[in-house]
Amino acid sequence: MKLIRHVRKPFAATPHGLVFGMACTFATLSPHAQLAHAREAPVDIPTVQVPHEVSLVAAGDADVQGGAPDQNYGDDTVIHIGNPDKSVFVYFDLAAIPAGATITDARLVMNVVGSGNGPNVVKLGAVRGVWRESEVTYANQPEVAWSNKTRTISAAGPVHWNVKGPVEKWVSGQHRNRGFAIRAVENAPIWAFRSREGAPAEQRPTLLVAYTTSGAEYEPPPAATKRGANKKATLDND
């Protein structure tokens, strides 16, 4: 590596005095100096968004029933909606998603396993109050912020909701994660979902989340070599 040094020197004599110009001299850096110069040079490492996907099984779920206002159903293998005094609460632990992650998609999947005597239009909400699987009842059920997200249940099988909005708020800390609630929009037949205690495992309440995190795209520098035959350059470490 060579450095160019500019030196101001007299260029020519005239009747009016000396005319100055710029002369260039060259200096060759030693291997040690070249290495130090490379260390001091700024390195621009591009930042990329790294995609991730996670499938979360419910950490807690229960239904509440107006016909038995003080009864807890937290250990049932199925959870019910309908009539319309039967509602479902389901909670997911989001600890696997790092703080600062950007949520790109989130889907709640509930599997219908029990058939009613007709279709049931159900509504989804974000729970705002504290509840526990082993303690929640119709009488002490928490407050829910109900949305306009509805689904019509008319047959057994999985039911999907887009829940990107509430999951974003929970991961960012804007709202506390208290889980979801599901209820019938009006008086309707009773339908049953598989609970987290039920089997088979693939039918349990599931939250599918896709997100990205920031990462640095790093490329190692090429190995230093000398000119000529395949000889490796040796540099002393300071």
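What follows draws every value from the coordinates through simple rules; no lab data is involved. All of these numbers come straight from a predicted model, not from anything done at the bench. Heads up, the Cβs are rebuilt from the backbone with ideal geometry, glycines too, and the neighbour counts pull from every protein chain shown.
Could you pull out which residues in region 77-106 have an amide N less than 19 Å from a spot 7 Å beyond the Cα of THR213, following the Cα-Cβ vector?
The answer is 93-106.
Among LEU124, LEU208, rank each residue by its count of other Cβ atoms within 10 Å, from fewest to most, as a rough exposure measure.
Starting with the residue having the fewest Cβ neighbours, the order is LEU208, LEU124.
Based on other C-beta atoms within 10 Å, arrange VAL78, VAL90, VAL48 from fewest to most.
Taking fewest neighbouring Cβ atoms as first place, the list is VAL48, VAL78, VAL90.
Could you put SER87, SER154 in order, starting from the residue whose Cβ has the fewest other Cβ atoms within 10 Å?
Going from sparsest to densest Cβ surroundings: SER154, SER87.
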